[in-house]
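Right, one structure below, let's go through it.
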6 protein chains.
Amino acid sequence: MSNDEKKLTHIDETGAANMVDVGDKAVTERIAVARGSVRMLPSTLQMILSGNARKGDVLATARIAGIMAAKRTHELIPLCHPLALTKVAVDITADQELPGLVVEALAKVTGQTGVEMEALTACSVACLTIYDMAKAVDRGMVVGDIRLVEKRGGKSGHWSAH
Amino acid sequence: MSNDEKKLTHIDETGAANMVDVGDKAVTERIAVARGSVRMLPSTLQMILSGNARKGDVLATARIAGIMAAKRTHELIPLCHPLALTKVAVDITADQELPGLVVEALAKVTGQTGVEMEALTACSVACLTIYDMAKAVDRGMVVGDIRLVEKRGGKSGHWSAH
Amino acid sequence: MSNDEKKLTHIDETGAANMVDVGDKAVTERIAVARGSVRMLPSTLQMILSGNARKGDVLATARIAGIMAAKRTHELIPLCHPLALTKVAVDITADQELPGLVVEALAKVTGQTGVEMEALTACSVACLTIYDMAKAVDRGMVVGDIRLVEKRGGKSGHWSAH
Amino acid sequence: MSNDEKKLTHIDETGAANMVDVGDKAVTERIAVARGSVRMLPSTLQMILSGNARKGDVLATARIAGIMAAKRTHELIPLCHPLALTKVAVDITADQELPGLVVEALAKVTGQTGVEMEALTACSVACLTIYDMAKAVDRGMVVGDIRLVEKRGGKSGHWSAH
Amino acid sequence: MSNDEKKLTHIDETGAANMVDVGDKAVTERIAVARGSVRMLPSTLQMILSGNARKGDVLATARIAGIMAAKRTHELIPLCHPLALTKVAVDITADQELPGLVVEALAKVTGQTGVEMEALTACSVACLTIYDMAKAVDRGMVVGDIRLVEKRGGKSGHWSAH
Amino acid sequence: MSNDEKKLTHIDETGAANMVDVGDKAVTERIAVARGSVRMLPSTLQMILSGNARKGDVLATARIAGIMAAKRTHELIPLCHPLALTKVAVDITADQELPGLVVEALAKVTGQTGVEMEALTACSVACLTIYDMAKAVDRGMVVGDIRLVEKRGGKSGHWSAH
């Protein structure tokens, strides 16, 4: 299918925004993985990893925030469907090159619609939580590169970013 | 004050994450502005701006989603204080160079703590809503460069990103 | 069945209010449509449709508010079940006779209980949002005639208001 | 001021919907009272008042639902400000003429913006809750005449519907 | 299986807290019953049961609060899954020996994971609501003995506290 | 004042439950501290403290859950007022005698009403979160002794449990 034939599915023929009807889609296991990062000063990363915080608590707080946000995606993104997520996981790793923290979020459901937005929301809120906890020492942090990296299930099957 | 003397304010002396006590801070008018973007294919931007959607509805939906998310920041970011926001505004403009959409969010309060997280949350959720509405035509969009660009009020006075 | 034999299903034999057990009901596709209106001064309707607002933004905001509210029906109506809605749509049309705006909301689920309350909640909140956006020019608007107009699926099959 | 000079305050000069800035408004005690009704069959009213339900529980449930909804108004109505409500009350009385139940809701705040939407939301959700609890016996009920009946405080002072 | 072989299922091999993947569990009918109590002065119990309150309203309010809280368990308990509960019921009885009120909550679902937390959350919030409504006369009340008393469905079958 | 003259303040003269009007109360700094516990098998406590979990993550998750729940108290407890909390803190310590974990929660506000319910809610939800994370190894845990231990500010001044 050419790009020209594609449609913005949330917009109906009159141009109004509406939830897509997923009632006729197949119930399959669907997984999505999203990734993003928080770029920061080297000294900020150092402080989070070994400074006056236990590493556990900053990262644990961000991870929990991300998991809880995934469950509320349909309250935040107007046209998302409420879903009975079967799993959400958030991993956070340090990247000295960036420098900063890389957040990866996975969402999973057995249902009629994909979970990309749940993974992206978990990732975004985990990043914002890191920002919140470190902003007193580094106001210039940047949350970035939030994107889908993998998607399984549904009509389009397996897709990965590269 | 040198960076070394700075502290991760949400982490107490035992390393546990806690809400900072803002009860003794001055009540002042506080404003924060955050900016971010959604990078997309040129054809996706074209479709949003003039394609099978009325421009109004995609952007209006994202703007409303951002405003509503700002009001729920303290439910999403674990250590944020609940605030009686006096204003939230979200503006979205096209950037053909990017190519994509640039989202700017402003939050305002008369209170004892800043509204950076509210502006950043509004910006992030508006970006995610754009992603949601266009993902059927462009899975490779990237939400990025979400950062604070301006901050007024409170002890640190006026600050801007440049 | 005569009306006398009918029961207020949410009230148990001791008179206490409780959620009805729907665990044994059939999983079927269920649809409900609700309708309501906001009566206003002719000049208010005129202003919304062509005045200092783009028509799109007032109606788009109300439509989005209605859709989002449908997803939160079980949080608002104490004895409603949480449901994985497959579609919500809100349409708003002008009625010069009224004069005012007519809001129609549709909710759909594949599940064990009906979606009347979801359609009615979407309709009510869309009406309230219109009221909110126009109240500065017309405090006397009246939200009214919110009612179920159609219902499909479940034991009682198809029902329409007339 | 003529009606022509009035503006839809939530719409800015570009036509975009935004929260009004209330930061410069006076902090005063503000009260709003809203009223609405649920019209029903005489037998339904009879059943609620003396049938297989204790009168207390149906009306208590609706009253609690209305009070709780008032506190969430800013989550439902996109451009409403979060408010530290100081009081919410919901009264429900039978009207044999209607026939049906009349719901009156009062909201109060000491703040910078009015509480009309909080009173109207409490009233609407209490009506919807009554509908929910009686819909098994009377699908044709109509929620109606939801309107502001009184408003005190703020720049416009005291206003009542008649 | 010996206790030593058991695991804290929400903690993965790296020690991070995550939602357990329930996607491969069987869909069965699952029921959980939790019980708890609010101990109070004899005069407080007397006042609630026959004093200046109608018995109905205090207990009805607590019961409704418990039911509504069950539906929000996954928003409160970080690693709980969102569930389409098919029934929630809360019963409150007086215990002159305690003296106080005993709250029993039942939750039911047809799904892939148990509903213990939903029953426990309903029970806890109903107890807290009783505390709230009586705290002006008795600050020393104690909420206690909140525990699971019965569990049906899922791999472990039927379990009861004794 | 004798106990006989005291009133259940949330119940009005007609017996209906309503939010107390706090609009005329003084704005003062108010603090409340609540305490509770989770009793468990010695082996469960051991596993949480040093077993297959990092101690940090179980306790950090419960602490975050408690803090976030405090901010939502007014959504859970029907007649609680929404409050702009200035601080919430949750501490969790092991008690080998119990055996189990003791949770202490502090809430603070500058406002017109006390924060007992916020402290009690934080404490309860932190306890429930511990239960959730350990229930796979110990179904018989009991959440108990949730009570107010200290209260400062407001008309009644300083009060402590002993």
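Considering only residues of segment F:146-162 that are closer than 11 Å to F:VAL33 by Cβ and more than 9 Å from every other protein chain (Cβ to nearest Cβ), which is most open to solvent (accessible area, probe 1.4 Å)? Don't jump to the end; show me each part of the working.
So the first thing to find is which residues in segment F:146-162 are closer than 11 Å to F:VAL33 by Cβ, and the list is F:147-152, F:159-161.
If we keep only those that are more than 9 Å from every other protein chain (Cβ to nearest Cβ) as well, we get F:149-150, F:152, F:160.
Numbers: F:VAL149: 17, F:GLU150: 51, F:ARG152: 106, F:SER160: 52 Å².
Looking at the filtered set, the residue picked out is F:ARG152.
The set of residues in segment D:100-131 being among the β-branched types (Val, Ile, Thr) and in contact with a helix residue (DSSP H, G or I) (Cβ under 7 Å, 6 or more places away or on another chain) consists of D:VAL103, D:THR121, D:VAL125, D:THR129, D:ILE130.
Take the residues in segment F:57-90 that are modelled with pLDDT of 95 or more and charged (D, E, K, R); name whichever of them is farthest from E:GLY15 (Cα to Cα). Among residues in segment F:57-90 that are modelled with pLDDT of 95 or more and charged (D, E, K, R), the one farthest from E:GLY15 (Cα to Cα) is F:GLU75.
With respect to C:PRO42, determine if the residue is touching a Pro at 6+ places or on another chain (Cβ under 7 Å), away from chain B (no Cβ under 14 Å) and touching a residue at least 24 places away in the same chain (Cβ under 8 Å).
Criteria met by C:PRO42.
Looking only at residues in segment C:129-145 that are of a type in the set (A, V, I, L, M), in a loop (DSSP other than H, G, I, E, B) and in contact (Cβ under 8 Å) with a residue 24 or more places away in the chain, the one that is nearest to the other protein chains (Cβ to nearest Cβ) is C:VAL137. Note on segment E:92-113: residues that are open to solvent by 10 Å² or more (accessible area, probe 1.4 Å) and either modelled with pLDDT of 95 or more or closer than 21 Å to F:ARG147 by Cα (or both) amount to 12. For segment F:31-39, the condition of being open to solvent by 20 Å² or more (accessible area, probe 1.4 Å) and of a type outside the set (Lys, Arg) holds for at least one residue.
Of the numbered conditions (1) touching a residue at least 40 places away in the same chain (Cβ under 8 Å); (2) open to solvent by 10 Å² or more (accessible area, probe 1.4 Å); (3) not in a loop (DSSP other than H, G, I, E, B), D:ALA65 fails exactly one; give the number of that condition. Condition not satisfied by D:ALA65: (2). Here A:ALA65 qualifies as within 15 Å of the chain's Cα centre (by Cα), on the phi < 0 side of the Ramachandran plot and within 14 Å of chain F (Cβ to nearest Cβ).
Scanning for something assigned to a loop (DSSP other than H, G, I, E, B), modelled with pLDDT under 95 and more than 14 Å from chain C (Cβ to nearest Cβ), does segment B:49-56 turn up at least one residue? Break it down into steps so the answer makes sense when it comes.
Restricting attention to segment B:49-56, the residues satisfying the condition of being assigned to a loop (DSSP other than H, G, I, E, B) are B:51-54.
If we keep only those that are modelled with pLDDT under 95 as well, we get B:51-54.
Applying the additional criterion that residues be more than 14 Å from chain C (Cβ to nearest Cβ) yields B:51-52.
There is at least one residue in segment B:49-56 that is assigned to a loop (DSSP other than H, G, I, E, B), modelled with pLDDT under 95 and more than 14 Å from chain C (Cβ to nearest Cβ).
In segment D:9-32, the residues that are free of Cβ contacts under 8 Å to residues at least 12 places away in the same chain and under 17 Å from D:THR86 (Cα atoms) never reach a residue that is part of a strand (DSSP E or B) and of a type in the set (Asp, Glu) with C-beta atoms less than 6 angstrom apart, at least six apart or across chains. For segment E:16-30, filtering for residues that are assigned to a strand (DSSP E or B) and either closer than 17 Å to E:CYS127 by Cα or open to solvent by 10 Å² or more (accessible area, probe 1.4 Å) (or both) leaves 3.
The values are calculated or read from the model by the stated rules, or taken from the named source; none is laboratory data. Predicted model only: the values in this text are computed from it and were never measured. So basically every Cβ, Gly included, is an ideal-geometry build from the backbone, and we count neighbours across all protein chains shown. For the accessible areas, the whole protein counts, side chains as well, though only heavy atoms, and no ligand, DNA or RNA atoms are used. Shrake-Rupley method; radii C 1.70, N 1.55, O 1.52, S 1.80 Å.
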